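Undergrad: Take a look at this one; I'll ask things after.
Readers should treat all values here as calculations from the given coordinates under stated rules, not as data from a laboratory. The model shown is predicted, which means the values in this text are computed figures rather than measured ones. FYI the Cβ positions are ideal-geometry reconstructions off the backbone, even for glycines, and counts take in every protein chain you see.
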Amino acid sequence: MSRTATYHTDVSWKGEHLGYVIMGNGPEMDFSAPPDAHGHEGVLTPEDAFVASVNTCIMMMFIWAAERFKINLLSYDCRAEGTKLIEIDRTEIFTSLHLMPVIRIATNGEDIAKVENRARKALRAAQKYSLVANSVKSELKIEPTIEVVPTRER
């Protein structure tokens, strides 16, 4: 049986090209258009939030999958880049998102190739079950670097 969940944010205008957002989960912050669109530097932009939402959702789903696949995760760091197309009429769309996770895993005596294969399966599962990634129409490319270490390092 299907079910729903609702999330909310509240925004208010502070003047010029600056706003304030209160997220339903608690964080509050200023936001603006990017500086190249007459916005302010040093604050959240909708473009940053869009790219971050995909990056953070994929990471959380990878952690979920790593637990289920019994992967001894040591670290996960990921740079994400979104490419925006600006048309002649000034309409804009993100055409692609490129995630480059660096994943470190300990083997604890297991075969390195098997551990790496499980990590790749976990990453595919993360993409499959990512609410945010499944909700955008941009092309999503994930190019991981997976380092499997023979002992449990920290």
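Undergrad: When Lys and Arg each count +1 and Asp and Glu each count -1, what net charge do the other residues less than 10 Å away from VAL102, Cβ to Cβ, add up to?
TA: Here the count lands on 0.
Undergrad: Taking only Cα atoms and a 10 Å spring cutoff, compute GNM fluctuations for the chain and point out the largest among GLU47, GLU143, GLU81.
TA: GLU143
Undergrad: From the helices alone, meaning DSSP H stretches of at least four residues, give me the mean residue ellipticity at 222 nm for the chain, per-run term -39500 (n - 2.57), in deg cm²/dmol to the nearest 500.
TA: -10000 deg cm²/dmol
Undergrad: Once you keep just the Cα pairs under 8 angstrom separated by 6 or more residues, what percentage relative contact order results for the chain?
TA: Computed over the chain, the figure is 20 percent.
Undergrad: Starting at the first residue of segment 72-82, write each ³J(HN,Hα) from the Karplus equation 6.51 cos²θ - 1.76 cosθ + 1.60 with θ = phi - 60°, in whole Hz, x for Gly and Pro.
TA: 8, 6, 9, 7, 9, 10, 9, 9, 10, 10, x
Undergrad: Mean shadow of the chain, computed from the convex hull of its alpha carbons, in nm²?
TA: Reported value for the Cα convex hull: 12.1 nm².
Undergrad: Something else: Net charge within 14 Å of PRO144 by Cβ-Cβ distance, Lys/Arg positive one each and Asp/Glu negative one each, not counting PRO144 itself?
TA: So the environment of PRO144 carries a net charge of +3.
Undergrad: Label segment 1-44 by shape, choosing from rounded, prolate and oblate, from the square roots a ≥ b ≥ c of the eigenvalues of the Cα gyration tensor; if a/c is under 1.5 it is rounded, and otherwise prolate applies when a/b is larger than b/c, oblate when it is not.
TA: It is prolate, given that a/c is not under 1.5 and a/b is the larger ratio.
Undergrad: Another question about this same structure. Averaging sequence separations of C-alpha pairs under 8 Å and six or more residues apart, then dividing by the length of segment 79-154, give the relative contact order as a whole percent.
TA: 42
Undergrad: For GLU147, list long-range residues whose amide hydrogen, built 1.01 Å from N in the peptide plane, is under 5 Å from its own amide hydrogen.
TA: ILE103, ARG104, ILE105
Undergrad: Any idea how many Lys pairs in segment 62-154 come in under 23 angstrom at the alpha carbon, given 8 or more places apart or on separate chains?
TA: Step by step, the pairs that qualify in segment 62-154 add up to 10.
Undergrad: Most mobile of ARG68, ARG118, ARG90 per a Gaussian network model of the chain (Cα springs, under 10 Å)?
TA: In this elastic network of the chain, the residue with the biggest mean-square fluctuation among ARG68, ARG118, ARG90 is ARG90.
Undergrad: Quick one: Karplus J couplings for segment 12-24, per residue in order, coefficients 6.51, -1.76, 1.60, θ = phi - 60°, nearest Hz, x for Gly and Pro?
TA: 9, 7, 9, x, 6, 10, 9, x, 10, 10, 10, 8, x
Undergrad: While we're looking at this one, here's another question. So for the chain: antiparallel DSSP bridges make up what percent, rounded to the nearest 5?
TA: 70
Undergrad: Counting only other residues whose beta carbon sits under 9 Å from that of LYS84, what net charge do I get with K and R as +1, D and E as -1?
TA: My count for the surroundings of LYS84 gives -2.
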